[in-house]
1. Quick one: would you say residue 693 is open to solvent by 20 Å² or more (accessible area, probe 1.4 Å), under 27 Å from residue 252 (Cα atoms) and β-branched (Val, Ile, Thr)?
2. From the list 337, 408, 316, which one is in contact with a strand residue (DSSP E or B) (Cβ under 6 Å, 6 or more places away or on another chain) and open to solvent by 70 Å² or more (accessible area, probe 1.4 Å)?
3. Run down 378, 374, 387 and say which single residue is without any contact (Cβ under 8 Å) to a residue 40 or more places away in the chain and either more than 20 Å from residue 438 (Cβ to Cβ) or among the β-branched types (Val, Ile, Thr) (or both).
4. Output the number of the condition that residue 349 fails; it satisfies all remaining conditions of (1) open to solvent by 20 Å² or more (accessible area, probe 1.4 Å); (2) of a type outside the set (Ser, Thr, Tyr); (3) touching an Asp or Glu at 6+ places or on another chain (Cβ under 7 Å).
5. What single numbered condition from (1) part of a strand (DSSP E or B); (2) open to solvent by 60 Å² or more (accessible area, probe 1.4 Å); (3) of a type in the set (A, V, I, L, M, F, W, C) fails to hold for residue 325?
6. Could we say that residue 340 is at pLDDT 90 or above and within 30 Å of residue 494 (Cα to Cα) here?
7. For residue 300, all conditions in the list (1) under 30 Å from residue 529 (Cα atoms); (2) touching a residue at least 40 places away in the same chain (Cβ under 8 Å) hold save one; what is the number of the exception?
8. If you check residue 585 against the conditions, is it open to solvent by less than 20 Å² (accessible area, probe 1.4 Å), in contact (Cβ under 8 Å) with a residue 24 or more places away in the chain, more than 20 Å from residue 633 (Cβ to Cβ) and in contact with a strand residue (DSSP E or B) (Cβ under 7 Å, 6 or more places away or on another chain)?
Amino acid sequence: MALQAIITVCSITVQTSPLVHARFLDSTPLFLNGNSTFLPCKAGTEYSYFGNYILLFQGRGKHAPRIAAYSVPPERDNVQRQNSPHLTDDQLFMGPEDDDHSDNPMIQSSVSVMQSDTDLQPSVAELGNQESVLDKLKAVHLHILAMEQWNTSRLKLCHQNYSASATNLLHYLALKSLDTELIKEKLSSIGLPNLETVNTHVLSSLSACIEMLISSKPDSLLGINISSKTSDGKKLDLGITSMTKRASSNRNQLLGTLQGQKTTHIMVTIGQEAIENDSLITDLINSGTTIFRINCAHGNPEIWSKMINTVKKPARLLEKPCRILMDLAGPKLRTGRFKDGCIVKISPKRNAFGSTVRGAQIWLTRQGAGPPPPYLSPDVILQVDGPEFLDNLEVDGSVRFSDTRGKRRNLTILRKHPIFPGAGFMAECESTAYVESGTVLSLKKKGRKSLVGLVVDIPRAEQFVRLRDGDLLTICRDSSDEHDTSATGSHKIITCPSGYLFDSVKPGDPIAFDDGKIWGVVKGTSISEVIVAITHAGLKGTKLGSEKSINIPESEIRYEGLTLKDLMDLDFVAAHADMVGVSFIRDVNDIVILRRELEKRKVSKLGVVLKIETRGGFEKLPLLVLEAMRSSNLLGVMIARGDLAVECGWEKLADIQDEIISICSAAHVPVILATQFLETLVKTGVPSRAEITDAANGRRTSVMLNKGKHVVKAVSTLDTILNSQSAKAKAELKPLILTSRV
């Protein structure tokens, strides 16, 4: 029996379920000889009778590839899935590929089970070998429907709220598995969508292109009505208008509805400083913040409650609703906590030659007094216990003290300023000094006994070790709460409370600290220590402080999905937050555990944000999204660019970010871009040029800023950038036109 050189769909079992979309007027039956078999890529074992799948039959010699579809009774399908070692929840069924090892000269059939990290790129020409754009689009159309059929059982598991989104995600994955560059060029040349911007509505856009080519009429794409049916027979609207509205609705339900003409949410991370500064939250909301993030890796439920109340009160008064996202700490490797020291450094200003340009400006005031007058900008504020000492200070007088190193230093009184209560003094110090609580200040008066005052209430300062190229760093296993930083020459010591580090690393593994600011190589390991040689740090060394990230990109560390701390924190998050951020998602099992925990707590309205910050999380993203869609909880994705860049490589980050955004767009899942957005502006008050253009890319997503001294200014700047496409902004920026004058 001769093979017909045409792509078609046929049934090869007794009980079938037809493909409702794949009907073209020029279809010709495909005759098959022999039994259909399922040949997995991993091994050569045959499995037959898999339901609701489409097979692509690879012809030998001059015969072109052919696609056929068949289905099996559900009860047989379930049995076969359970018995097959190759069909797991970590697999998606993708387009088939050729099998060069089959001996059947008549028909060589091969279907491959593709893991989510497989790079399958068959060309469109190989899917039918048609010559016209229309025929190639039909082949793509059929391949997309095949993807849907292969994953019917997975779609049935999705919650009804996500049926359309999950279906569109599968259509997008099928489209991306093909090399469609030639089709894109030809579609663009005749004024049709080039398949680059159809992520939100893949099937309807593709069908619209086919319909327009068939009818040769410039019908509106919005008029094309594409529908499907769910497993229970309900109609599923896959049209462009419906899918676009679904994506917008999902974003609004998870992140909140934006006011006015704003198009992008701005999220800001807050810490305990939000409690201490009454006006900070109000300023952030007025500047454009719509979501506040709390990191459960820091603080405790008592502090978190105060922070949430600090947000909700001004939001209610300003009538600007804000949502709360709380990140679970997850199994992330971090440096241990150092004992904070109550020490302040006094530093005079020096020029490039090391000469003192201006002494350090120091504000001396009574214990418990308020801040200095707003027109003063001291470098250091010292509160002094000793009323008689302060009452006897005079302009041009000198105060002596010994710093923490035993160095003798002098303060010269420059000016006296009246404040309530009493007075404050601006002093100057020409030399570097380190002052701690309890430091004795001495005032010498002629003919009188020296008066003394005690420095009090020095704020706690975060401790750190400074690492340079060539330093040796010892990481010790320690579970105690806080540690002293210690160092001997170029040998520094820190701790890590997680046992995963010591159980998994081996000599030669690269290791990174603080989102890749410091790099090293593991030189030696034991059950309680890891020795690291620092290979990359700043020219003057780089500070490594408490609770900073540790990444080992090439290590096969197996983390637990949710830690015991995460489970305890989840009780608080479920009761007080709008969204929970799930850190270090790596595989489907992490989603399964999370779903079970949410079901135990009966929280169906809590939004779930999957933080993609590992190679595994990125490579399995479609599977993670589909698994999360089995629940009714609102779903979002955060791109944690710090850890992701370290794990996957800096040079790949831009492409990885675009791919995550595209996949989430296809699944109608809102995206939050995080890590180092306007970081220079947040820290110094002046942005870099690259940061501004990076921020503009956030228009496609939502954006998160980390806390910093100038975070309010950064939010205001970001709000202007992200919403510059509004009508008001466009009116301010006049279009460029040609004039008669040169």
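1. So residue 693 fits the description; yes.
2. Just a single option satisfies the conditions, and that option is 408.
3. The conditions single out 374.
4. Evaluating residue 349 over (1) open to solvent by 20 Å² or more (accessible area, probe 1.4 Å); (2) of a type outside the set (Ser, Thr, Tyr); (3) touching an Asp or Glu at 6+ places or on another chain (Cβ under 7 Å) leaves (3) as the failure.
5. Looking at each condition in turn, residue 325 falls short on (2).
6. Considered against the rule, which asks whether it is at pLDDT 90 or above and within 30 Å of residue 494 (Cα to Cα), residue 340 comes out as no.
7. Here residue 300 clears every test but (2).
8. So residue 585 fails the test.
The values are calculated or read from the model by the stated rules, or taken from the named source; none is laboratory data. What you are looking at is a predicted structure, and each value in this text was computed from that prediction instead of being measured. Methodologically, a virtual Cβ is constructed for each residue, glycine included, from the backbone with ideal geometry; neighbour enumeration extends over all protein chains shown. The area values use the complete protein model at the heavy-atom level, side chains included, leaving out ligands, DNA and RNA. Shrake-Rupley method; radii C 1.70, N 1.55, O 1.52, S 1.80 Å.
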